[in-house]
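A short worksheet on the structure shown next.
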Amino acid sequence: MHDALFQPLTMGALTAKNRIHMAPLTRGRAAEPMFTPNDMMATYYRQRAGAGMILTEATGISREGLGWPSAPGIWSDEQTEAWKATTKAVHEEGGLIVMQLWHMGRIVHPWFLDGEPPFSASATTAPGDAHTPVGKQPYAQAREMTHEDIKRTIADYRRAAENAKKAGFDGVQLHAANGYLVDQFLRDKTNLRTDEYGGSPENRTRFMREVLEALIDVWGADRVGIRLSPNGDSQGTDDSNPPATFGAAAKVCEELGLAFVELREPGPDGTFGNTDVPKQSPLIRQIYTGPLILNSDYTAEEAVADVESGKCDAVSFGRPYISNPDLDKRIAVGAHWNPNKDVPKSWYFPIPEGYIDYPTLEEEQAQSAD
């Protein structure tokens, strides 16, 4: 029934053993105050190494780009060394693990920046409140990035990519989705610039292109991917003409020959974000000819249908992987799996509970037999 999901997939120089991929999931388990990965995280990723490809939780490329409590970074030697336990664990289980590189832009609260404002494509303010170690705080207005800021940030991406290679990852994915910095450049609600980084869709993709070029210099295009969220508002980041904007972004991905493109595309009935804005994957599929991975609220049956029809090449599952470390095995045998919709309080606490204590199908069966 699910055979289509258990075929290998070649993505540039990467080969996934199946098409059930693990989407990036912020979990907030890194050690403070240095945002350093730990052994608990290595266990978590080892448990999920049955995924065709693991995309790590979003990982900060710089101190000024990371504004989430206990999220990991990859800018220091200490962080780079600490990540080696995770890549070793996944590789010992025969898994493939790709690091997602993250800069939050205007979503970074000044608490993380010693009181200084964050920066973004333009001087805008995100709606709502930021998560900080001292509770929720209103977002602050960002300052518009100068050309020097842009050059420095691209250099930070390059350094992070180099560190990811040192740490033993199989490739990197640029986080260009969900209202974070690259997305803030892409979409015209948050990019109000009048220079070569603003205005037309082609100009608004310039920052994304330059970051990708830096990552490709380090890894080669065949080990670099990207995540986009091309339909609907995300943390106040939105666009007046998604086909034009994300058609231009897809053209960049095609011209650069990226190993894969992943799209987060919620629908009108999404359980974690929803929108009536049409999905852009059919358009992107016409422009970008490489492997396309789709994400958001998939069931196993929907994933099979979309892979079999050629709508996509793989599906990345997010929340289901939180409480089902062996999700691929459960799908293979048609076993029950719990999308973990109703326990968000366990998602971000920096403790083992709700993180590495979920039983596998085999363990559940053994317990029921006792």
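General observations
- Residues that are among the hydrophobic types (A, V, I, L, M, F, W, C) and either closer than 21 Å to P69 by Cα or assigned to a loop (DSSP other than H, G, I, E, B) (or both), drawn from region 165-180: A167, F169, L174, A176, A177
- Residues that are without any contact (Cβ under 8 Å) to a residue 60 or more places away in the chain, outside any helix (DSSP H, G or I) and either crowded, with 19+ Cβ neighbours inside 10 Å or in contact with a Gly (Cβ under 7 Å, 6 or more places away or on another chain) (or both), drawn from region 279-316: K279, Q280, Y288, L292, L294, S296, D297, Y298, C312
- Meets criteria (crowded, with 17+ Cβ neighbours inside 10 Å and either closer than 29 Å to A13 by Cβ or modelled with pLDDT of 95 or more (or both)) for P266: no
- Residue check: V252 meets all listed conditions (1) in contact (Cβ under 8 Å) with a residue 40 or more places away in the chain; (2) outside any helix (DSSP H, G or I); (3) within 19 Å of the chain's Cα centre (by Cα) but one, namely (2).
- Of residues in region 249-263 being among the small types (G, A, S) and at negative phi, the one surrounded by the most Cβ atoms within 10 Å (Cβ to Cβ): A249
- Total residues in region 189-248, condition farther than 19 Å from M104 by Cα, of a type in the set (D, E, K, R) and surrounded by fewer than 19 Cβ atoms within 10 Å (Cβ to Cβ): 6
- Screening E57 on (1) part of a helix (DSSP H, G or I); (2) under 15 Å from the mean Cα position of the chain (by Cα) shows it passes everything except condition (1).
- The lone exception for T80 - which of (1) of a type in the set (S, T, Y); (2) at pLDDT below 95; (3) crowded, with 17+ Cβ neighbours inside 10 Å it fails: (2)
- Residues that are without any contact (Cβ under 8 Å) to a residue 24 or more places away in the chain, under 20 Å from A85 (Cα atoms) and not in a helix (DSSP H, G or I) do occur in region 17-35, at least one of them.
- Test set (1) of a type in the set (F, W, Y); (2) under 18 Å from the mean Cα position of the chain (by Cα); (3) farther than 27 Å from P8 by Cα - F349 fails condition number: (2)
- Filtering region 195-247 to residues that are in contact with a strand residue (DSSP E or B) (Cβ under 7 Å, 6 or more places away or on another chain) and either at pLDDT below 95 or assigned to a helix (DSSP H, G or I) (or both) leaves V211, L212, L215, I216, W219, R223, F246.
- Some residue of region 12-32 being farther than 24 Å from S316 by Cα and modelled with pLDDT of 95 or more: no
- The single residue among P127, P118, P69 that is over 18 Å from E32 (Cβ atoms) and surrounded by fewer than 23 Cβ atoms within 10 Å (Cβ to Cβ) turns out to be P127.
- Check on T86, closer than 21 Å to L5 by Cα, touching a residue at least 12 places away in the same chain (Cβ under 8 Å), crowded, with 24+ Cβ neighbours inside 10 Å and of a type in the set (S, T, N, Q): no
- Some residue of region 167-186 being farther than 29 Å from G220 by Cβ, buried (at least 18 other Cβ atoms within 10 Å of the Cβ), touching a Leu at 6+ places or on another chain (Cβ under 8 Å) and among the small types (G, A, S): no
- Only one of the numbered conditions (1) touching a Leu at 6+ places or on another chain (Cβ under 7 Å); (2) farther than 27 Å from L361 by Cα is not met by I20, and that is (2).
- Test result for N163, touching a strand residue (DSSP E or B) at 6+ places or on another chain (Cβ under 7 Å), among the polar types (S, T, N, Q) and either free of Cβ contacts under 8 Å to residues at least 12 places away in the same chain or farther than 15 Å from A259 by Cβ (or both): no
- In region 145-157, of all residues being within 24 Å of the chain's Cα centre (by Cα) and not hydrophobic (A, V, I, L, M, F, W, C), the one that is surrounded by the most Cβ atoms within 10 Å (Cβ to Cβ) corresponds to Y157.
- Comparison of I74, I107, I97, I61 shows that the only residue that is of a type in the set (A, V, I, L, M, F, W, C), out of contact with any Gly (no Cβ under 8 Å at 6 or more places or on another chain) and at pLDDT 95 or above is I97.
The values are calculated or read from the model by the stated rules, or taken from the named source; none is laboratory data. For clarity, every value in this text was computed on a predicted model and none was experimentally measured. Every residue, glycine as well, gets a Cβ built from its backbone with ideal geometry; the counts of neighbours run over all protein chains shown.
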